[in-house]
Amino acid sequence: MSADEQRAIDPSAAGEALRWKKFPLLNDGFVCLVDWMGSDSAIAQAARVSYGAGTRAISTDEALLRYLMRHRHTTPFEMAEVKLLVRVPMDTWRQWIRHRTASVNEYSTRYSVAIDAAYTIENDGWRIQTASNRQGSDGFLPPERGSAFSEEERAFHEAARALYQKRIDAGIAREQARKDLPLSTYTEAYWKCDLHNLFHFLSLRMESHAQWEIVQYATTIGEKIIRVLFPVSYEAFLDYNLNSLHLTALDQGVIRRLAGRTPATEEDFLQVQDPRWQGLERCRERDECRQKLRTLGILK
Ligand SMILES: Cc1cc2nc3c(=O)[nH]c(=O)nc-3n(C[C@H](O)[C@H](O)[C@H](O)COP(=O)(O)OP(=O)(O)OC[C@H]3O[C@@H](n4cnc5c(N)ncnc54)[C@H](O)[C@@H]3O)c2cc1C
């Protein structure tokens with residue numbers, strides 16, 4: 001769907017249609033929207049209150065939201081909130097729960113019998129340890145080798161569950177019976193987060209260095225839920241955060257030395273400018289881009 005088509009949809013009606021819709025993930029996980037507060041226009045409205053006259057120069061909500069995101073004026077995004085219900089394997093949840101700014105209520109395996117479902121890997125889904133980075137993966141085992149691991153996984157899950165059930169049936173307390181359940185066991189939680197901190201979660205967990213499993217959850221939350229509820233903020237997040245590039249002082253030095261040899265002209269710049277800036281007499285974002293290119297020595 002194009003950005004214009006997305007904008008034509010009423011986020012509030014689209015959000016209502018999403019409520020409780022389960023987006024399946026992995027083999028037995030899901031995320032679903034339970035509730036939300038706010039909208040792009042409510043975020044812009046909050047910004048206009050807090051920044052007062054300074055925002056009058058920015059005429060539309062879209063321009064204002066993009067400005068806020070670009071300049072990391074974050075508090076207006078805290079005015080919006082999203083509450084999700086998620087079902088996640090415990091090893092993925094262990095990464096997820098490190099994000100301390102959300103409010104969480106998790107299924108209790110002290111109180112209730114553990115969810116009888118575990119994350120399983122298909123024959124062709126066993127990832128190989130990467131040689132370039134100690135915590136990533138690169139490529140897959142051939143399915144004919146993977147099938148033995150999938151078979152062992154199935155037997156192991158069955159044995160772990162049978163032991164757990166045996167303890168429960170013998171009257172052992174649930175809080176103790178659970179101790180040998182595998183990390184692949186699913187847990188469920190309500191997870192509520194304001195939009196600023198949710199974007200922080202997405203920027204770390206939609207990113208390629210994060211583990212594949214949590215990337216699936218984060219990408220689904222971003223693309224299927226946040227894009228629908230907050231289309232302008234989400235697009236600004238993609239442009240200025242997730243898909244942006246952080247340049248260190250050292251990176252900048254190298255670029256400056258490389259590019260400084262043949263800097264481009266203003267004419268070159270205008271020819272290759274972003275299509276959204278074309279035809280605009282004044283454009284703050286274009287000015288900011290021009291300034292960055294000058295700082296890097298790419299533009300005269
Ligand atoms: C690819 C990747 C690899 C990782 N590897 C490891 C690992 O090997 N070992 C490990 O332990 N963790 C690891 N982590 C987890 C990581 O260190 C963070 O704990 C996690 O990403 C949460 O980030 P956060 O603290 O910024 O987020 P949140 O907890 O959501 O916090 C959001 C922001 O709020 C502020 N904040 C929240 N709480 C505090 C506080 N108490 N004091 C000050 N500021 C606060 C900070 O500005 C923070 O950035 C990894 C994460 C990623 C994405």
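Quick note: the coordinates plus some simple rules give every number you see, no bench work behind them. Just so it is clear, the model here is predicted, and its values are computed rather than measured. Counting neighbours? That spans all protein chains shown, and the Cβs are built from the backbone with ideal geometry, glycine included.
Figures for the structure shown
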read-out	value
Total charge dipole magnitude, the chain, about the Cα centre, Cβ charges on Lys, Arg, Asp, Glu only, Debye to nearest 20	960
Cα-based Kirkwood hydrodynamic radius, the range 158-274, one decimal, Å	19.2
Under 21 Å from the Cα of K166 - lysines, other chains or at least 8 residues apart	K179
Theoretical ellipticity at 222 nm over the chain - DSSP helices of four or more residues, -39500 (n - 2.57) apiece, nearest 500	-13000 deg cm²/dmol
Convex hull (Cα only) mean projected area of the range 121-183, reported in nm² to one decimal	5.3
Cα-based equivalent ellipsoid, the range 249-295: semi-axes from gyration tensor eigenvalues, Å	23, 12, 7
Aspartates and glutamates whose Cα lies under 16 Å from that of K21, excluding same-chain neighbours fewer than 8 positions away	D35, E188, E223
Principal-axis tilt of helix 61-70 within the chain, Cα atoms, nearest 10 degrees	80
Residue exposure sequence - K224, K192 - by fewest surrounding Cβ within 10 Å	K224, K192
3J(HN,Hα) from dihedral phi, the range 278-292, Karplus parametrisation 6.51/-1.76/1.60, rounded to Hz, x for glycine, proline	4, x, 7, 5, 10, 8, 4, 5, 5, 4, 5, 5, 4, 5, 5
Neighbour-limited loop hits for trypsin sites (Lys or Arg not before Pro), the range 238-276 (at most 10 other Cβ within 10 Å; DSSP other than H, G, I, E, B)	R261
C-alpha long axis of helix 195-205 to longest principal axis of the chain, angle in °	70
Proxy reagent accessibility, fewest Cβ within 10 Å first, across R48, R87	R48, R87
Theoretical gain in end-to-end length, K224 to I128 [0.36 nm per residue, Cα-Cα removed]	31.6 nm
Efficiency of FRET between H71 and K22 - r from beta-carbon atoms, R0 45 angstrom, step 0.05	0.75
Candidate lysines - alpha carbon under 29 Å from K292, same-chain residues fewer than 8 apart omitted	K300
Label-to-label distance, nm, for residues given as R154 and D10 (7 Å Cα→Cβ offset)	5.0
Residues W20, W191, sorted so that the one with the fewest Cβ neighbours within 10 Å comes first	W20, W191
V104 paired with S208, simple spin-label distance in nm, labels 7 Å along Cα-to-beta-carbon	2.8
Modelled FRET efficiency - R0 22 Å, Q135 with L183, Cβ distances, 0.05 increments	0.85
Long-range Cα-Cα pairs in the chain (distance over 26 Å), rounded percent	58
Radius of gyration, Dmax [the range 35-159; alpha carbons; angstrom]	23.0, 66
Gain upon complete extension [E281, D169; 0.36 nm per residue less C-alpha separation]	32.8 nm
Euclidean distance of C-alpha centroids, the range 269-289 and the range 199-255, integer Å	23
Student exercise, the range 249-295 dipole from Lys, Arg, Asp, Glu Cβ charges, in Debye to nearest 20	220
Signed unit charges on C-beta, dipole axis of the range 169-300, positive-most listed residue A218, T185, H246	H246
